[in-house]
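Trainee: Before I ask anything, let me first share the structure, which is written out below as structure tokens.
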Amino acid sequence: MSSTAPIGVFDSGLGGISVARQIAHDMPDEKVLYFGDSANAPYGTKTPQQVRDLSFAIVEQFVKQGVKAVVIACNTATSAAADALRDTYDIPIIGMEPALKVACDRGHGHRQRVIVAATPLTLRERKFAKLMDRFKADHTIFPEPCPGLVDIVEHGQLDDHDTVMRTLHHYFGNYDLPTIDSVVLGCTHFVFYRDYFRELLPDTAAIIDGNEGTVRHLHVVLESLGKLAPEGAEGGVTIANSDTSPRTAELASYLLHRN
């Protein structure tokens, strides 16, 4: 497979565009084929088997398009499907998980109080339980399911300040926020809320997502296989979606180019 072959990136909807943007920024020579499954969103309230079935259908299409790697730009789909996909396909399958280690390591040995914002399925899955088990003895971790934040992105309400802040207060209003050291954005949709979280949280709290780390890992994997696109190659992001409405296409383009 040629090093100029595209990278497939998929998500339950539009959130994974935040990962496609990160790839375009950090690896500008790479071609990215992005697929959002907005017709079946959200994944976070589905059963693991439903998410696996949807993920396999998407990756099968990517393989037919000749991708050299797949990034599962969705913590929920990673939890439910990554291992099974790796067992089936012989191309790199890069998954995502909440960046809890990054949050805990910030304390340099001091106990951290960390909120993990994610979808209900991500927080219910065994993969997250194992991740949390690694850190909960030395740190205080609060899993917070936030399905409404996915809906706001999918419905194009991200610029509705009142709706966003009301929803954030609904999920986070019961926490003693000045005592929180960091919030982990454990869903790619939530990366689009970074400025809102900054408004909600004290300046001392960090806002952490896994996008940069995921793209760094992708770079390392492709480099080790000799599959990085040559410098100066024509990169870019091509977006497709299972919801073929003009509104979804406009929203996807807006999110790709949003400051």
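Trainee: Pairs only if they're at least six apart or on different chains, beta carbon under 9 angstrom, first in segment 212-235 and over 13 Å from Lys68 (Cα atoms) and charged (D, E, K, R), second open to solvent by 30 Å² or more (accessible area, probe 1.4 Å) and part of a loop (DSSP other than H, G, I, E, B); list them, first residue then second.
Mentor: Hits for this filter: Glu231/Asp29; Glu234/Thr4; Glu234/Asp29.
Trainee: Continuing with this model, one more query. Looking only at segment 218-259, which residues are of a type in the set (Ser, Thr, Tyr) and over 22 Å from Val191 (Cβ atoms)?
Mentor: Going residue by residue through segment 218-259, those that are of a type in the set (Ser, Thr, Tyr) are 224, 238, 242, 244-245, 248, 253-254.
Across segment 218-259, the qualifying residues are Ser224, Thr244, Ser245.
Trainee: Ok, one more. When you look at Phe10, is it open to solvent by 10 Å² or more (accessible area, probe 1.4 Å), part of a strand (DSSP E or B), under 14 Å from Thr238 (Cβ atoms) and not basic (Lys, Arg), yes or no?
Mentor: Judged against the criteria, Phe10 is not a match.
Trainee: If I ask for residues that are in a helix (DSSP H, G or I) and open to solvent by 50 Å² or more (accessible area, probe 1.4 Å), which ones from segment 25-41 would you list?
Mentor: Residues satisfying the conditions are His25, Asp26, Ala39, Asn40.
Trainee: Still on this structure, I have one more. Among the helices (runs of 4 or more DSSP H) lying completely within segment 188-259, list those that include at least 2 residues that are open to solvent by less than 30 Å² (accessible area, probe 1.4 Å), out of contact with any Ser or Thr (no Cβ under 8 Å at 6 or more places or on another chain) and closer than 30 Å to Met1 by Cβ. Let's see the steps before the verdict.
Mentor: Numbers: elements: 194-200, 211-224, 246-257.
It comes to 211-224.
Trainee: If you don't mind, there's one more thing I want to ask. If you scan segment 60-97, which residues turn out to be surrounded by 24 or more Cβ atoms within 10 Å (Cβ to Cβ), of a type in the set (Val, Ile, Thr) and assigned to a helix (DSSP H, G or I)?
Mentor: Within segment 60-97, Thr76, Thr78 qualify.
Trainee: If you check Leu158, Leu168, Leu100, Leu131, which single one turns out to be closer than 27 Å to Glu250 by Cα, touching a Leu at 6+ places or on another chain (Cβ under 6 Å) and among the aliphatic types (A, V, I, L, M)? Before you say what the answer is, go through the steps one by one.
Mentor: Values: Leu158 fails: touching a Leu at 6+ places or on another chain (Cβ under 6 Å); Leu100 fails: closer than 27 Å to Glu250 by Cα; Leu131 fails: closer than 27 Å to Glu250 by Cα.
Exactly one of Leu158, Leu168, Leu100, Leu131 is closer than 27 Å to Glu250 by Cα, touching a Leu at 6+ places or on another chain (Cβ under 6 Å) and among the aliphatic types (A, V, I, L, M), namely Leu168.
Trainee: Also, quick follow-up: Kindly list the number of the only condition in (1) touching a strand residue (DSSP E or B) at 6+ places or on another chain (Cβ under 8 Å); (2) surrounded by 15 or more Cβ atoms within 10 Å (Cβ to Cβ); (3) among the basic types (Lys, Arg); (4) within 24 Å of Val220 (Cβ to Cβ) that fails for Lys101.
Mentor: The number of the failed condition is (1).
The values are calculated or read from the model by the stated rules, or taken from the named source; none is laboratory data. These numbers come from a predicted model, not from an experiment. Here Cβ is always computed from backbone atoms with ideal geometry, including for glycine, and neighbour counts include all displayed protein chains. When the accessible area is computed, the model is the full protein with side chains, heavy atoms only, and any ligands, DNA or RNA have been set aside. Shrake-Rupley method; radii C 1.70, N 1.55, O 1.52, S 1.80 Å.
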